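To keep things clear, I will list the structure first and then write my remarks on it.
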Amino acid sequence: MPELSLKREEMPMHSKYDQALAKYNLNIHDDDVRAAVKKLIDKHLQENNTAAVKEFLMGSVELTTLKTTDSEESVLKFTERVNDFATAYPALPHVATICIYPCFAQIVSQSLEVDSVEVACVSGSFPSSQALLEVKVAETALAVHDGATEIDIVMSVGKYLSGDYETLTDEISELKAVCGEHKMKVILETGLLPSYADVKRASLLAMYAGADYIKTSTGKEKPAATPEAAYVMCQAIKEYYDETGIQVGFKPAGGLNTVEDALTYYTIVKEVLGEKWLTNQWFRLGTSRLANLLLSEVTGKETKFF
């Protein structure tokens, strides 16, 4: 009897996730993605290299401290710099969020004086997502209780790689229910996914499960954010929006080290998603280093404020 060998796309549809994914083109190839990104960046990057765009990007920064050495004292000082920025640079946009571990949610929420800066907490056993769901739920609920206004969770990458989409999406849905009206970002850890077709599939699964944003990386794995992963994720967001009418935000994070990196992601969002996504409600940058670099560019002198 000949060996039975079916490609995944040839297997019979048997779940709501398979049926949802069937609406989208997942027949994409890594080389094509790389070529498309190069063409897009070569054509459009320099037109976005302006002071106005850099100011906008400052307002999209999620100022992040996720270090083993973080303490109440260091996080309080971190928060006070955000408070001071509003006074020192009243004409410039302030950062979009302060992103911290859940144990610091209370101190940040109590000491933050800038009303429109969000308090984002990584949760759900960040960065591995390797914990019992009950632990993830408890940690997320405590973060929200202590003042987190946004939650960043990590998709269960192991479940994805095993093809267990039901458990993966059920987890995301349950954690979104805990967040309630607070926005939840789902980190795909794209550097651990085998192909850009997988990046697109994971993006769609996360959005169907209730993600308010999809995010590239934790910054703890290599590679972290890449323009190619961003391009594919933005394509998925656009196609999902066209199919459902639901707008989902995008956040590259990890490895954003230069102003050109920020301009690259801005260019991808602008060209793939369009102007509707060019607000700090729908486009975020997970970084700390970039805040000072962008500020230096905008002010015309090297500045280390944060």
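The values are calculated or read from the model by the stated rules, or taken from the named source; none is laboratory data. Quantities reported herein were computed from a predicted structural model and do not represent experimental measurements. In this analysis, Cβ positions are derived from the backbone assuming ideal geometry, glycine residues included, and neighbour counts consider all displayed protein chains. When the accessible area is computed, the model is the full protein with side chains, heavy atoms only, and any ligands, DNA or RNA have been set aside. Shrake-Rupley method; radii C 1.70, N 1.55, O 1.52, S 1.80 Å.
Taking all protein chains together and a 1.4 Å probe, the residues 283, 78 rank 78, 283 from largest to smallest accessible area. Evaluating 6.51 cos²θ - 1.76 cosθ + 1.60 at θ = phi - 60° for every residue in region 155-170, the Karplus couplings come out as 4, 6, 4, x, 5, 4, 5, 7, x, 8, 5, 5, 5, 4, 6, 4 Hz, glycine and proline recorded as x.
Accessible area per residue (1.4 Å probe, heavy atoms of protein chains only) ranks 113, 271, 260 as 113, 260, 271, with the largest value leading.
Normalised Debye scattering of the chain at q = 0.07 Å⁻¹ gives log10 I(q)/I(0) of -0.26, counting only Cα atoms as equal scatterers and leaving out solvent. Note on region 1-144: with neighbouring protein chains present and a 1.4 Å probe, carbon and sulfur make up 54 percent of its accessible heavy-atom surface. The phi-based Karplus calculation (6.51 cos²θ - 1.76 cosθ + 1.60; θ = phi - 60°) puts the 3J(HN,Hα) values of region 117-131 at 8, 7, 9, 9, 10, 6, 8, x, 6, 5, x, 8, 6, 9, 7 Hz, whole numbers, x for Gly and Pro. Counting Lys and Arg as +1 and Asp and Glu as -1 over every other residue whose Cβ lies under 14 Å from the Cβ of residue 139, the net charge comes to -4. Overall shape: rounded for region 139-296, with the ratio a/c of the largest to smallest alpha carbon gyration tensor axis below 1.5. From its DSSP helices (H runs of at least four residues, each -39,500 (n - 2.57)), the chain gives a residue-normalised ellipticity at 222 nm of -14500 deg cm²/dmol.
Summing Lys and Arg as +1 and Asp and Glu as -1 over all other residues whose Cβ lies under 11 Å from the Cβ of residue 227 gives a net charge of -1. Estimated at the nearest 10 Å², the accessible area of residue 178 is 40 Å² with a 1.4 Å probe.
Considering only 73, 139, 174, the mean-square fluctuation computed in a Gaussian network model of the chain, springs between alpha carbons under 10 angstrom, is largest for 73.
Around the amide H of residue 249, modelled in the peptide plane, lie the amide H atoms of 213, 214, all under 5 Å away and 5 or more residues distant in sequence or on another chain. Proximity of backbone amide H atoms, modeled 1.01 Å from N, is registered between residue 287 and 62, 64 at under 5 Å, excluding neighbours fewer than 5 places apart on the same chain. Indicate the gyration tensor shape class of region 237-291 (rounded, prolate or oblate), computed on the Cα atoms with a ≥ b ≥ c the square roots of the eigenvalues: a/c under 1.5 is rounded; otherwise a/b larger than b/c is prolate and the rest oblate. Verdict is prolate for region 237-291. Taking every C-alpha pair closer than 8 Å and separated by at least 6 residues, the mean separation divided by the residue count of region 65-218 gives a relative contact order of 18 percent. Rounded, prolate or oblate: which fits region 91-162 when a ≥ b ≥ c are the square roots of the eigenvalues of the alpha-carbon gyration tensor, with rounded for a/c under 1.5 and prolate only if a/b beats b/c? Here region 91-162 falls in the oblate category. In this view, the solvent-accessible surface of residue 149, computed with a 1.4 Å probe and all protein chains in place, comes to about 40 Å². Calculated accessible area for the chain comes out at 46 Å² per residue, all protein chains present (probe 1.4 Å; ligands, DNA, RNA ignored).
Between the amide H of residue 118 and those of 97, 98, distances stay under 5 Å, these residues lying 5 or more places away or on another chain, with hydrogens modeled in the peptide plane. Computed 3J(HN,Hα) for region 290-306, one whole-Hz value per residue from the Karplus formula 6.51 cos²θ - 1.76 cosθ + 1.60 where θ = phi - 60°, is 5, 4, 5, 5, 5, 4, 4, 5, 5, 7, x, 8, 4, 9, 10, 8, 8, glycine and proline marked x. Compute the signed sum of charges (Lys and Arg +1, Asp and Glu -1) over the other residues within less than 12 Å, Cβ to Cβ, of residue 264. Within the 12 Å Cβ shell, the charges total -3. Taking all protein chains as they are arranged and a probe of 1.4 Å, the heavy atoms of residue 108 leave approximately 0 Å² accessible to solvent.
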